[in-house]
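Reading through the structure tokens given below for one structure.
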Amino acid sequence: MAEAAVGVSGVLGTPPPRALPITIGPDRITMRLQYWHPPLDGVTVTAAVVRAVSVAIEGADWHGTVSSTPGEPPLVPPDAI
């Protein structure tokens, strides 16, 4: 995910983008991608990052959802599924 964000126009290189695991279970991983961008370009850069990460996930033959807003936590913790 972080590598996909690096190539997006408007994503600043310092500090570099980083992907942080939020939850890890046998069938699901939830990650948060952190990156910096110029304040006035936030919506445009974020939309481009969502597209780039989506393409990277598809290219890795993974199934997933990419969102620019934090999702609701699952009703059932990943380990309980």
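The values are calculated or read from the model by the stated rules, or taken from the named source; none is laboratory data. As the structure is a computational prediction, the values presented were derived from the model and not from experiment. Using ideal geometry, Cβ is built from the backbone for each residue, glycine included, and neighbour counts are taken over all protein chains shown.
Quick one: is G59 over 10 Å from the mean Cα position of the chain (by Cα) and at pLDDT below 95?
yes
Please work out which one of (1) of a type in the set (G, A, S); (2) at pLDDT 90 or above; (3) in contact with a helix residue (DSSP H, G or I) (Cβ under 9 Å, 6 or more places away or on another chain); (4) surrounded by fewer than 14 Cβ atoms within 10 Å (Cβ to Cβ) is the condition S67 fails and give its number.
(2)
Which of the residues spanning the stretch 7-39 are at pLDDT below 95, of a type in the set (A, V, I, L, M, F, W, C) and over 18 Å from T69 (Cα atoms)?
I24, the sole residue that qualifies.
Can you name the residue in the stretch 1-50 that is part of a strand (DSSP E or B) and among the charged types (D, E, K, R) and, of all such residues, is surrounded by the fewest Cβ atoms within 10 Å (Cβ to Cβ)? It would help to see each step written out before you state the result.
The first filter runs over the stretch 1-50 and keeps only residues part of a strand (DSSP E or B), leaving 18-24, 29-34.
Still in the running and among the charged types (D, E, K, R): 18, 32.
Values: R18: 13, R32: 11.
Out of the qualifying residues, it is R32.
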